[in-house]
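Single-structure report; data block below.
The values are calculated or read from the model by the stated rules, or taken from the named source; none is laboratory data. Computed from a predicted model, the values in this text were never measured in an experiment. Here Cβ is always computed from backbone atoms with ideal geometry, including for glycine, and neighbour counts include all displayed protein chains.
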Amino acid sequence: MTIGEIASVRTGLVTARKKKEASSSCTYNYRLLNLKCISNEGYINESYIESYKLSSELKEDYLTQMGDILVRLSAPYTAVLIERPELCGIVVPSHFVIIRVDKRFASPEYIYWSLKRDKNRITMMQNSSGSTAFGTISSGLIASLPITLLPLNEQNIMGNLLRLAEREQELLNKLAVEKKVYNTLLLNQIYDNMKRGNIK
């Protein structure tokens, strides 16, 4: 079985073709993902989300929905899972493929885990066009990736374990960044005190 048999797989919106026309008085405001939004660890950094204005309303096909899996079509082919309400309704550009799983057969979390496995990452790298660092893949390649479906209850167990592990990793990464800022400020303060002769 392949991913394309249990999910719809399509590329995102070509955003340059849908910009707001200057002559139009009607404006639809959206949030737009970009490549910087997606960390290599597989989560969305909301601080990089852009504003995107259109003259007409977009189809929901191009807006993130709960349970969607997005895969970056250029190296390093990072996959992210939309699992929080605040990440829904964001425009997905053509740099990504949108995977919507048929939940009668598969758990989005399980498909997400499968896409992150080394064998699938290697397949993506081997079938990319262009250089190793900047090679791109197609939505058709992702749709053709094979997958072994476990019973749904076992898929859910795998998915929940992955989400817990990734949430822990995300928190550790954020803590490391905050700790680095704290240590820098602390060292600068100690240095300034030493210069003023306040520390012997």
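Residues in the range 83-95 that are in a helix (DSSP H, G or I) and over 24 Å from V14 (Cβ atoms): P85, E86. Could you go through the range 92-107 and let me know if any residue there is surrounded by fewer than 21 Cβ atoms within 10 Å (Cβ to Cβ), at pLDDT 90 or above and aromatic (F, W, Y). Within the range 92-107, one or more residues are surrounded by fewer than 21 Cβ atoms within 10 Å (Cβ to Cβ), at pLDDT 90 or above and aromatic (F, W, Y). The single condition among (1) polar (S, T, N, Q); (2) under 21 Å from the mean Cα position of the chain (by Cα); (3) at pLDDT below 90 that N193 does not meet is (2).
Flag set for N45, criterion: surrounded by fewer than 19 Cβ atoms within 10 Å (Cβ to Cβ) and in contact with a Cys (Cβ under 6 Å, 6 or more places away or on another chain). I'm checking my understanding of the structure. Among residues of the range 158-192 that are polar (S, T, N, Q) and in contact (Cβ under 8 Å) with a residue 40 or more places away in the chain, which one is nearest to M1 (Cα to Cα)? Per the stated criteria, the residue is N160.
Out of all the residues in the range 74-91, which are closer than 23 Å to M125 by Cα and either loosely packed, with under 15 Cβ neighbours inside 10 Å or in contact with a strand residue (DSSP E or B) (Cβ under 7 Å, 6 or more places away or on another chain) (or both)?
Those that are closer than 23 Å to M125 by Cα and either loosely packed, with under 15 Cβ neighbours inside 10 Å or in contact with a strand residue (DSSP E or B) (Cβ under 7 Å, 6 or more places away or on another chain) (or both): S74, P76, Y77, T78, A79, V80, L81.
Counting only residues that are of a type in the set (V, I, T), closer than 26 Å to R84 by Cβ and in contact (Cβ under 8 Å) with a residue 40 or more places away in the chain, the range 108-157 holds 3 of them.
When the range 98-107 is filtered for residues that are among the basic types (K, R) and touching a residue at least 24 places away in the same chain (Cβ under 8 Å), the ones remaining, listed by number, are R100, K103. Checked against (1) in a loop (DSSP other than H, G, I, E, B); (2) under 25 Å from S107 (Cα atoms); (3) touching a strand residue (DSSP E or B) at 6+ places or on another chain (Cβ under 8 Å); (4) in contact (Cβ under 8 Å) with a residue 40 or more places away in the chain, L58 meets all criteria but (2).
When every residue of the range 44-51 is checked against the conditions, at least one turns out to be part of a strand (DSSP E or B), over 16 Å from L73 (Cβ atoms), at pLDDT 90 or above and in contact with a strand residue (DSSP E or B) (Cβ under 9 Å, 6 or more places away or on another chain). Of the residues making up the range 61-82, those that are assigned to a strand (DSSP E or B), hydrophobic (A, V, I, L, M, F, W, C) and under 21 Å from I137 (Cβ atoms) are I69, L70, V71, A79, V80, L81.
Sub-7 Å Cβ pairs linking a first residue in the range 1-21 that is over 26 Å from P108 (Cα atoms) to a second residue that is loosely packed, with under 15 Cβ neighbours inside 10 Å and modelled with pLDDT of 95 or more, at least 6 apart or interchain, number zero.
Considering the range 96-200, the qualifying helices (runs of 4 or more DSSP H), each wholly inside and each with 1 or more residues that are touching a Ser or Thr at 6+ places or on another chain (Cβ under 7 Å), run over 118-126, 139-143, 152-195.
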